[in-house]
1. Roughly speaking, to the nearest percent, how much of segment 372-439's 1.4 Å accessible area is carbon and sulfur?
2. Probe radius 1.4 Å, ligands and nucleic acids ignored: give me the carbon and sulfur share of the accessible area of segment 527-608 as a rounded percent.
3. Looking only at the chain, where both bridge partners belong to it, what percent of the DSSP beta bridges are antiparallel (to the nearest 5)?
4. Distance check, please: which entries in 528/676; 205/610; 480/536; 676/723 exceed 25 angstrom between their Cα atoms?
5. Apply the Karplus curve 6.51 cos²θ - 1.76 cosθ + 1.60, θ = phi - 60°, to the phi angles in segment 485-493 and return the couplings in whole Hz, x for Gly and Pro.
6. Compute the separation of the alpha-carbon centres of segment 163-240 and segment 428-502 and state it in Å as a whole number.
7. Over segment 212-321, what is the percentage of antiparallel beta bridges among all DSSP beta bridges, to the nearest 5?
8. Using alpha carbons only, how many angstrom separate the centre of segment 514-578 from the centre of segment 604-682?
Amino acid sequence: MKVIHLISGGDSGGAKTHVLSLLQHLNKSITAQLVCFRDGPFADEARALGIPTEIMGGNNVWRIRKQLTAYIREGGYQVIHCHGARANMIGSLLRKTTGLPVVTTVHSDYRLDYMGRPLSRLTYGNINARALRKLDYRIGVSDAMVDLLISRGFAPDRFFTIYNGIDFTPAPPQGDRLPWLRSLGLDADEDSVVVGIAARMNPVKDMSTLIRGFAAGYGECRRLRLLIAGDGEERRKLEALAEELGVSDKVCFAGWISGGMDRFYSALDINALTSLSETFPYALTEGTRFHLATVATAVGGIPYLIDQDVNGYLFTPGDWEALGRHLAALGRDDKLRRSMGEKLFEKASSQFSIQKTVDTQLSIYQEILRRHSRPKQTRDGVVICGAYGRGNAGDDAILEAILQEMRAIDPDMPLTVLSKNPKDTRLTYRVRAIHRSNFFLWQHAMRHSRLYINGGGSLIQDVTSRRSLWFYLNNISMAKRLGNQVQMFGCGIGPVTREEHRHLAARVLNRCVDVITLREPDSLEELKAMGVVRPKILLTADPALTLRRAPDDEIDSVLLRAGIPPQGDYICFALRRWKGFEDAAAVLGEAAAYAYREYGLTPVFLAVEKHQDPGAAAMAASGLTIPHYFINDAGDAGRIIGALSRMKIVVSMRLHALIFAAGQGVPLIGVVYDPKVSSFLRYIGQELFLDLNGLRLEELTALIDRAAEQTHHPEEQEAAVRKLQDMESRNAEIARGLLDM
């Protein structure tokens, strides 16, 4: 593989480190040619690292384009990779003359690159913003950077993510730190806890928050000292602020550190960063090499490295009071500081090494070449419609699972989702998304797709809404008229209560659907009763059964944010407001108290639908005098599954809490407000359920007793779930056949 990299040649900071370290290692397995638009220290350093480097200088853009076009053709390059504004502009001009795919790595927020330089922002900034939109693909140096660009209207399925990796080879011993710290002018002794930051002193780094936070932390912990490595236009202002806050004798402005940064990081106890905007800063991963506890703003890709309260602390930009509390906590507790530093090193060294970065970049090139060579087709891809974008983790889990299965069929296939919140769907799943009410856009998508998926859940029902039933039936009919194959994917059916709706549904499904795959037997009986006979109908399972739980560190962070010790014994209640819930809420609360008294299980009330469920949880827990916790927003499906995996028993009205917990082998108790809940439990051979209406304490506590017994024998339920997961794979097999893959 041959890739040509374009860069201005005047770059510094993280972008410079990323490009040079990446190209140095890429050239061990492919040809990665560097072209700079000016000579100087950047090009000299590249040559010293053994990177093949050419200079094509001058201000005549058209001459450079002609020169590069010839150079690329003669060299047989396959991908053009740009870095920075000037390279993006040239790259956008090379797309037509070379016919090659052009990709750019976005190292920073292009709207902030020229902060404080209005003329440059007006010229170079606007040129770069336009050029970025003309390129074929974009790589963000963190998921957060990708999300930022998608939120600004960039195509979500043309992005890749890469993280800045470093070499975690242990640094050699750096000698006694005290003499070195004192040589810089820092008033430190053996008992001092040194906080450090390495950054430019400009507005984006927001070092005034660092000074204020340090002063607040020092007020609580006199062991703290602050060492600042760097310089910039705000230095005098920051020195004056330290003087004003009375900590100037505990703060050292060291300027730029000569002789490499290993000496600096080895002298620290706490690594800090207060930036308003970042991608994925080397300053943090460099600190992890030295096992440093870390406190940073929750911006850019930083939350992907730091799991709150597990391996570090995060705070909102500008919140110096939170920063001060975190610094004081780490300053007072040596054991906590060391523990967080070790955990952060373990995560960073496994997930953010330079080899991981190189492997990711090679994989990106391979995907770009594969997608670039994909034959153009009049009809291509899948349109997926369901109850998505409503903040319901169960429905969104179905979408996540379907997308996962479609990408397993063809990773390059265009996917379009009809969503109540298309912006959120684009950000979360990196797919094209259209608002459910935008008739013209989803009709256009259906004209160009090959398969329409009515995606999971109980969409064909009229209990919650007649209009919902009409909407889904209309879309199925429209998709077939516009030439799509139609599959109802791992779904539930009913209840459809009105006779006219049953006739309407049967007519549309018989005429317009090719295959229906069902998640439980009761839906099969409902289809038969409605007279649906024409489509091929198969019994499979819910797509969400294929989803995996989040990593342990992320699960710990979810629990700790809710104040829950990660290793306790818990019973979970996943509740929702429904007719009759007010009468049952007190019974559920009393059952939670019973589980605590009899089995030592602390109640945890978990929201699957983060906008509605917390109210139901608060109602059930209102009379509790025992310890109890609330998880009102665990995050995505993986984190919810992870939280449920830590429970000994799950009592749930929410179907997908039962599905998620079943996949983890956790004993289940269903509180049935809808037949789909009991249908699923019977399907997996689980008979521990009772009706919401007329819920009685003695019956519920009896089920808790039986579930407590099951905690010692999870094998049968786990075997049933494995069988369902195997059956679920038929959903994707059917889709593959309909796509003629």
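1. Ligands and nucleic acids excluded, carbon and sulfur give 47 percent.
2. 46
3. In the chain, DSSP labels about 0 percent of beta bridges as antiparallel.
4. Flagged as over cut-off: 205/610.
5. Per residue, the Karplus-derived 3J(HN,Hα) values read 6, 10, 10, 8, 10, x, 9, x, 10 Hz.
6. 57
7. In segment 212-321, DSSP labels about 10 percent of beta bridges as antiparallel.
8. 11
The values are calculated or read from the model by the stated rules, or taken from the named source; none is laboratory data. Keep in mind the model is a prediction, meaning the values are calculated, not measured. With ideal geometry, Cβ positions are generated from the backbone for all residues, glycine too; neighbour counts draw on all protein chains shown. All accessible areas refer to the heavy atoms of the entire protein, side chains included, with ligands and DNA or RNA removed. Shrake-Rupley method; radii C 1.70, N 1.55, O 1.52, S 1.80 Å.
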